[in-house]
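In what follows, a single structure is set out as structure tokens and then discussed.
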Amino acid sequence: MRRFLVPGLPALLSLGLSAFTVGTHVGWQDSGFYLAGVRDLGVLYPPGFALYLLLCKAWTLIFGFLDFTLAVHLFSSACAAAAAGVLAQAARDLLRTPGKLFVSGAPPSDAAAIASGCLAASGFSFWSAALLAKGYALYYLLLSLLLWRMIRAEESGRGRDFRIVAALIGLSWAAHPSAVGVGLALVLFVLRHRRTLGGRGIAAGAGIAAACAIGPSLLLPIFAARDPELMFGDPVSVGEWVRYLAGSRFTGRAGVFGADSFRFAQACRYGWEDFLGIGGLFALAGLGRLAIANRTLLLGVAAWIVPSALLATLFRIEGQQDFWLVASWLPLHLAVAVGLSSLPERVRRLGVPAAAVAGLAWAIAVNGRAVSMRGETLAEEYGRFHLVNVEKDAILILESDDALSTTLYLQVVKGLRPDVVLASASRFGSGWYEAHLRRRHPRLKEGVGLRSFAEANAAGGPVYFEAVPPELLGSGVDLVPAGPLLRMGPASLAAPAPWEFPVRPEEARSRFGRPRGIRLELLPDDLQVTPEPYEQRWISAYVRAQARMGQVWFKKGGDDNLGKAAACFQAARDADPGRPDPDIVHGLAISYYLLRQTDRAEPLLRELLRLHPTPRQGVRACSFLATICRSQGRLQEALRYQDQAMAIVGSDPELRREFEKQSPR
């Protein structure tokens, strides 16, 4: 019975933490995709995560008497609890193993093993993974099992144990492709045991790993053939299936890998939040002990942590760096046990429990409220806001994961607004996606490419966009603001209808969580990535809605409409003062200038020049500033702004005409 306390207590603690903090609503970012995917066995991101979908689907069938969303979240809770228990068991075996590779130099201590598992369960990111509809908790469980079985295989030397290790290597990749980051540590483990395994054993292990990694993905063509609502790709042919597993759609994009200083800073912050002072102190103590007792094992720990942490940090478009990093530092939880067990014998009996209690109290006090999903509805309200306000039989073409995943969840899981066609803007142009939408919604007319599809179906119902499609720029198509969306249709620009925001910017700001999300800005040959709290999505939607309304009033002209435009631009600016947008500052400055309120226009025009405006905006700002300065007798400043405008114009004939039109006479 005592033996089961080692994995049992951390697992029970993790389940208890989840029980008090788990929610019944969809989360931010891609949580809705996973919920819809489990409900309908859809095709998720590359490589498809078929293993997670199958296991979680089976779980929801067993617990069909529960609310579906809660059941999916509890699957993560169960996996995280099992992972905490397995980590504690791995720590126990590490402290007891007679094998040479995993000798720690610390005395056996079940209390230290239990404490390390409990501290792991209470870390912010680990705890968060236990509450969300994502595959990370399953991934942690498989990696924890892998660490444990590596210790057991090295100790026993039996082929059966090494084959279990091989299977867990493959299943870990099937759970999440970032498992390639720990590949160096696994290669070193195999090389260490090459004489024990022999050539045949290594080949057999490689075959087992490959089969377990790829095996679940063989079901993707079956999933796709059913035309589920959720389809990120169409891996029905061998070629498409291989490309899908490779994930080239993401890894092949320009600028997805790179070094951003803030992501390295975030990695340090995430590590602190998962270990805090107690766990971090004893992790360092454990690593120090290994540096003395077993440098080979310390090298193996580094080979696991460093490459996988770098992969998580350098893969810039991954918005869940924190969850990737938990997998990177799983061996550090074993180091925590080594550090605790290395306490002097006279203080170990009371010191280990005291350290565990102090660490848990600290983690729960700091992380509990921040991690809790109980009663958290902002993400679900975000999806509902986008979905319920569009007209009957509308086509809603979305760009962001937050909008698309939450609306898809509401439609697939909750049955809300089945009349609306939900579509992803990034998937148009492939051919298969347009055909998939027509099979799901037979009323749709044929059209390949976003513009062709939208124009073909606009007569049958309104088409809404989250962002202006590049294909429609300069096409002459009317796009009328509708809340944070744009409506394509015959309506004139005369009477834009604002939507009532159920969550105001000040409310969203008051509920800011830790900055776990990222904002991506696609540039011609690069990506700009900045961190932000998920609740910022509400503010961004409000800013977008106000700015678009301002553009409508601005285009209508006349002092009355310009006043309305200025009010809209000012509301957008006030909602997010910390992140000035060049387009909004430009609209507000020009509105004030045309209203002859130069005292308001001048500081805004100066600010615009500091915000890296477009060349056209820069020419206008300089020209108008030159006019203001000239009218006030500041001739030297006027000439300086004229020269700055000419430098922007260069040899561009269109910019020259703009400059000549605006320049003071």
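What the table shows:
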{"read-out": "Matching residues in region 12-63 - criterion: being under 17 Å from residue 139 (Cα atoms) and either among the basic types (Lys, Arg) or outside the structural domain of residue 221 (by TED's automatic domain parsing) (or both)", "value": "57"}
{"read-out": "Flag if residue 385 is within 22 Å of residue 141 (Cα to Cα) and either surrounded by fewer than 21 Cβ atoms within 10 Å (Cβ to Cβ) or not assigned by TED's automatic domain parsing to the domain that holds residue 540 (or both)", "value": "no"}
{"read-out": "Qualifying residue in region 245-262 (condition: of a type outside the set (A, V, I, L, M, F, W, C), assigned by TED's automatic domain parsing to the domain that holds residue 159 and within 30 Å of residue 122 (Cα to Cα))", "value": "yes"}
{"read-out": "Qualifying residues in region 480-499 (those that are assigned to a loop (DSSP other than H, G, I, E, B) and at pLDDT 90 or above) - the one nearest to the chain's Cα centre (by Cα)", "value": "484"}
{"read-out": "Residue match in region 449-471 (condition: small (Gly, Ala, Ser), within 26 Å of residue 224 (Cβ to Cβ) and within 29 Å of the chain's Cα centre (by Cα))", "value": "yes"}
{"read-out": "Residue selected from region 218-231 under the condition outside any strand (DSSP E or B) and crowded, with 20+ Cβ neighbours inside 10 Å, by the criterion nearest to the chain's Cα centre (by Cα)", "value": "230"}
{"read-out": "Filter result for residue 565 (in contact with a Phe, Trp or Tyr (Cβ under 8 Å, 6 or more places away or on another chain) and closer than 20 Å to residue 482 by Cα)", "value": "yes"}
{"read-out": "Index of the failed condition, residue 355 passing every other in (1) farther than 21 Å from residue 20 by Cβ; (2) surrounded by fewer than 19 Cβ atoms within 10 Å (Cβ to Cβ)", "value": "(2)"}
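Each row is one residue, and each column tells you yes or no for (1) closer than 30 Å to residue 190 by Cα; (2) assigned by TED's automatic domain parsing to the domain that holds residue 94; (3) out of contact with any Ser or Thr (no Cβ under 6 Å at 6 or more places or on another chain); (4) among the polar types (S, T, N, Q).
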| position | (1), (2), (3), (4) |
| --- | --- |
| 313 | yes, yes, yes, yes |
| 331 | yes, yes, yes, no |
| 336 | yes, yes, no, no |
| 339 | yes, yes, yes, no |
| 362 | no, yes, yes, no |
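The values are calculated or read from the model by the stated rules, or taken from the named source; none is laboratory data. All figures in this text were calculated on a predicted structure; none of them were measured in a lab. Please note: Cβ atoms are built from the backbone with ideal geometry, for glycine as well, and neighbour counts cover all protein chains shown.
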